[in-house]
1. Which whole-Hz ³J(HN,Hα) couplings does segment A:43-56 yield from phi under the Karplus relation 6.51 cos²θ - 1.76 cosθ + 1.60, θ = phi - 60°, glycine and proline marked x?
2. At a 1.4 Å probe radius, carbon and sulfur cover how many percent of the accessible area of segment A:3-112?
3. Could you list which residues have their amide H under 5 Å from that of A:Gly106, counting only those 5 or more apart in sequence or on another chain, with H placed in the peptide plane?
4. Calculate, for B:Met41 and A:Lys79, the FRET efficiency according to 1/(1 + (r/R0)^6) with r their C-beta to C-beta distance and R0 45 Å; round to the nearest 0.05.
5. I need the calculated FRET efficiency for the pair B:Ser18 and A:Arg31, taking r as the beta carbon distance and R₀ as 30 Å, to the nearest 0.05.
6. Measuring with a 1.4 Å probe in the full set of protein chains, what accessible area per residue, in whole Å², belongs to segment A:3-112?
7. I need the trypsin sites (Lys or Arg not before Pro) found in segment B:20-112, filtered to DSSP loop residues with at most 14 other beta carbons within 10 Å of theirs.
8. Considering only protein heavy atoms, what per residue accessible area in square angstrom results for segment B:10-116 with a 1.4 angstrom probe?
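The values are calculated or read from the model by the stated rules, or taken from the named source; none is laboratory data. Keep in mind the model is a prediction, meaning the values are calculated, not measured. Reconstructed Cβ throughout: ideal geometry from the backbone, glycine too, with neighbour counts over all protein chains shown. These accessible areas exclude ligands, DNA and RNA; they are computed on the full protein's heavy atoms, side chains included. Shrake-Rupley method; radii C 1.70, N 1.55, O 1.52, S 1.80 Å.
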Amino acid sequence: EDQVTQSPEALRLQEGESSSLNCSYTVSGLRGLFWYRQDPGKGPEFLFTLYSAGEEKEKERLKATLTKKESFLHITAPKPEDSATYLCAVEPRFQTGANNLFFGTGTRLTVIP
Amino acid sequence: NAGVTQTPKFRVLKTGQSMTLLCAQDMNHEYMYWYRQDPGMGLRLIHYSVGEGTTAKGEVPDGYNVSRLKKQNFLLGLESAAPSQTSVYFCASISRQGSSGYNEQFFGPGTRLTVL
């Protein structure tokens, strides 16, 4: 069964305090792993896609990495505007659907000034 | 481009009432999806469509129906609403080829539905 687990559920950081969010997954062949950002009352906003173990992607203070079992979202010197819920999702390679994604429950990040 | 839009933004229903949620996208995407998001559960797929006139069931389809009469619109219907359908509903769309090479899904702003 395809499954995505994110940890921690919630994370409070001081501004400038770097940390990492974890996404572990079990999937019958990985086509892609996606990271999204979701602000309160809004829809998820795409951040990154990772396709194979060892791959890394960066955007401003965020860097996503991928291994065969998990992905990390590293946040370097975060700012208050980075506060949001970060969602991880996987797209199984073998599925009957069409680019269907399986989501984790997210990590709620709060960055304190 | 407006991207993915959803109407209404909020709605309160009584048990047994019916309603339709509308999703529209102006990106000429082939695939469209309806999700529900509940606390502690993550986003779960209700129904999806791979093209005009086609629909398929996702992970949690019971109590919902969908239609895709036009490529740009995807409708989600609740025939007889139940309190268990209180949730936030998101629509998403994707180009079959992946518009930017990433195959990411573009999400709408959501509809917050409460069933009393």
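1. 3J(HN,Hα) across segment A:43-56, in whole Hz: x, x, 10, 5, 10, 9, 10, 10, 10, 9, 4, x, 6, 9.
2. 48 percent
3. Long-range HN contacts for A:Gly106: A:Gln6, A:Cys88.
4. E(calc), rounded to 0.05, equals 0.95.
5. 0.25
6. Ligands and nucleic acids excluded, the result is 47 Å² per residue.
7. Hits after loop and neighbour filter: B:Lys70, B:Arg96.
8. Working: 4960 Å² over 107 residues.
On a per-residue basis, 46 Å².
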